[in-house]
Amino acid sequence: MRLRTDFPLQLPSAAQALPGRSQALVITNVHHVHRRTIQPPFPPDCREALFGLGCFWGAEQVFWQLDGVYTTAVGYSGGMTPNPTYEEVCSGLTGHSEVVQVVYEPTQIDYLALLCVFWEAHDPTQGMRQGNDIGTQYRSSIYTLDSDQAQLATESKQHYGKTLAATGRSAITTEIAAVTAFYYAEDYHQQYLSKNPAGYCGLGGTGVRFG
């Protein structure tokens, strides 16, 4: 990821969105860290969550290190273009966020605990950017898979918003929406910081605790 200032800062309309393709990108279905699969089927007791908190390289690393997380993968969600490439997402003409898919075991870590990590790991007040990473693909986002996740996400946003306001921070800009699709990113993005330990990570929180 490199600093640029010419990315679009508004989401495209359906007419502007790139057409994409019908065929999914082919990826290696093995996690570089723990060697589990990153594509379904997953164990029946596992659940999934989708979070966007800026550049997905560092964001994925935050979640794969958590006890109770079975596996992780990075990809694109929240947009209109089917099976987009990284270059298409970075053009601002797909509407997607860079996201992390977190597959977790709810008996060991619950969704609220994942939300706590999400809020504390980045700055959710920055709109279409995260630090030096500028563009619609870096917006803060939570894509929910059911009504329980939607309720918890909304309640956690309200709670953290009040906590941030008490410290003089701006309002949260995080998008919360039901997931429509998740598209896996290219192989070289998967577990990037495990493959490239000195690689770029622009992730940074506000320093304000969730609880």
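Laid out as a table, the results:
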{"quantity": "Breaking point among (1) free of Cβ contacts under 8 Å to residues at least 24 places away in the same chain; (2) over 28 Å from Q151 (Cβ atoms); (3) among the charged types (D, E, K, R), for D110", "calculated": "(2)"}
{"quantity": "Identity of the residue in the stretch 177-194, buried (at least 16 other Cβ atoms within 10 Å of the Cβ) and in contact with a Leu (Cβ under 9 Å, 6 or more places away or on another chain), that ends up farthest from V100 (Cα to Cα)", "calculated": "V179"}
{"quantity": "Per-region count, the stretch 132-166, residues assigned to a helix (DSSP H, G or I) and either closer than 24 Å to D110 by Cα or in contact with a strand residue (DSSP E or B) (Cβ under 7 Å, 6 or more places away or on another chain) (or both)", "calculated": "20"}
{"quantity": "Residue check, T174 surrounded by 14 or more Cβ atoms within 10 Å (Cβ to Cβ), farther than 21 Å from Q39 by Cα, of a type in the set (V, I, T) and out of contact with any Ser or Thr (no Cβ under 8 Å at 6 or more places or on another chain)", "calculated": "no"}
{"quantity": "Inter-residue pairs, beta-carbon under 6 Å, first on the phi > 0 side of the Ramachandran plot and in the stretch 51-74, second among the acidic types (D, E) and surrounded by fewer than 24 Cβ atoms within 10 Å (Cβ to Cβ), 6+ apart", "calculated": "G54/D133; G68/E105"}
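Throughout, read-outs are computed from the coordinates displayed, never taken from laboratory work. Predicted model, so just to flag it, every value in this text is computed and none were measured. Please note: Cβ atoms are built from the backbone with ideal geometry, for glycine as well, and neighbour counts cover all protein chains shown.
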